[in-house]
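Undergrad: Pasting a structure below so you can have a look.
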Amino acid sequence: MLERKIESILLPHTGAQMGLFLRVVLFIGLPLVSPLLAQEQSRQALTSSEMIRVLNNEDRYNLRLGEIKLQVDSVMEGELNDNINLSSSKGALSDLILRPGVQVKGDWQATEFNKITGTLGISYAKYVGHPEYDSKMPLIAPNSETAFTLAIGDVRVQVFDRFRMQEDPTTQGQLSNVVSFRRFENEMGTMVDWDLNQFIISGGYMWGTFLRMDTAFDSLDRNTHTFIFAPRYLINEVISVGINNQYTLTDYDLNIQSDTTSLQSGPYVDVQLTKYTSARLEVGYQNFSSDNQGAIGDSSRFSS
């Protein structure tokens, strides 16, 4: 599965040098960055010593290869779906879908202030009643990624590459009467967190590539550019409030679908109930618009 056009997938045709550079960064490592001295504050912010602790946190691992810690887990999911083919009520097919899989998470503390992590999930879809729709190739889980994290004083920087191979068509609003829609999605970018004691300012950029595996849907190939700005305020050790702001530009490869822009913004509250349980309340505003330049003449504009 990963052998299929891996160069064109992982190195998108628009900006191949950037893709190659980011992968060299993620797998070989960035030049060592000397930590900046951070001022002492009333709450232990992301100072150098605290950042080292965060970067060296001991997660659950069941295998170790030298300095690389690995966590290997098996996964089994089941889904009972009364309309696997996204059809009208008369033509709808129902089935039980089993998805066995395995997930491998790796962690390498490259230096005192640099950490490389990677997650790869592989699964397979088995349709009990309609085996003709079984996966033709292994699937890559949506949480698969490689990431490089480094600390510079009170600033944490993460460079990442997230990828997935999926076939579930329900997330694509343009499709109907389709059971399987195989595509590869890749997001690479960077996120920065700047800890100013009770205020934490986060921002970043993501470049996404969407590639279908079936030529019948080549009009859906696209690139997205997402800009994120999300400041938050820590009321105490368990409650924080903030504002999420996200602006996305979508550019389709073929002049069939109309290019789009979207804006999302709104406040949220996070509550850490226990060590392993948290709650989140979020409201917001969304605005979406198409430029009406595609052959289908889509000029949709809506907000909510």
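The values are calculated or read from the model by the stated rules, or taken from the named source; none is laboratory data. Because the structure is predicted, anything quoted here is derived from the model rather than measured. Heads up, the Cβs are rebuilt from the backbone with ideal geometry, glycines too, and the neighbour counts pull from every protein chain shown. Protein only, heavy atoms only, side chains kept; ligands, DNA and RNA dropped before computing areas. Shrake-Rupley method; radii C 1.70, N 1.55, O 1.52, S 1.80 Å.
Undergrad: Can you compute the equivalent ellipsoid semi-axes for the stretch 149-304, i.e. the square root of 5 times each eigenvalue of the Cα gyration tensor, sorted largest first and rounded to whole Å?
TA: Numbers: eigenvalues 230, 65, 54 Å².
So the three semi-axes of the stretch 149-304 are 34, 18, 16 Å.
Undergrad: Sort out for me the Cα centre separation of the stretch 275-304 from the stretch 123-202, rounded to whole Å.
TA: 19
Undergrad: Want the number for Val102 to Lys136: 0.36 nm per residue separation, take away the alpha-carbon distance, what's left?
TA: 10.5 nm
Undergrad: Name the residue farthest towards the positive end of the dipole of the stretch 185-264 from the options Thr190, Leu254, Ser202, assuming +1 on Cβ of Lys and Arg, -1 on Cβ of Asp and Glu, about the Cα centre.
TA: So the residue furthest toward the plus end is Ser202.
Undergrad: Still on this structure, I have one more. What is the distance, in nm, between label points placed 7 Å from the Cα along the Cα-to-Cβ direction at Ile256 and at Glu79?
TA: Label-label distance for Ile256 and Glu79, simple model: 2.4 nm.
Undergrad: Quick check: convex hull of the Cα atoms in the stretch 199-267, volume per residue, rounded to a whole Å³?
TA: 98
Undergrad: For the stretch 98-226, report the accessible area per residue in Å² (1.4 Å probe, heavy atoms, rounded to an integer).
TA: 39
Undergrad: Here is a further query. Using 20 Å as the cut-off for backbone N distance, which residues of the stretch 89-121 belong to the label zone defined by a point 7 Å from the Cα of Thr171 along Cα→Cβ?
TA: Residues 97-105, 118-121 qualify, since their backbone N sits under 20 Å from the label point.
Undergrad: Note down the nm distance, to one decimal, between modelled labels 7 Å out along Cα→Cβ at Ser299 and at Gln272.
TA: 5.1
Undergrad: Which residues among the stretch 180-224 fall inside the zone where the amide N is under 18 Å from a point 7 Å beyond the Cα of Leu281, along Cα→Cβ?
TA: Answer for this model: none.
Undergrad: Let me ask another. Considering only Phe288, Leu234, Leu220, whose Cα is most displaced toward the positive end of the charge dipole of the stretch 136-290, charges sitting on Cβ of Lys, Arg (+1) and Asp, Glu (-1)?
TA: Working it through, the farthest residue towards the positive pole turns out to be Leu234.
Undergrad: Right, here's the next one. List residues of the stretch 250-267, by number, whose backbone nitrogen lies under 18 Å from a label position 7 Å along Cα→C-beta of Asn292.
TA: 256-262
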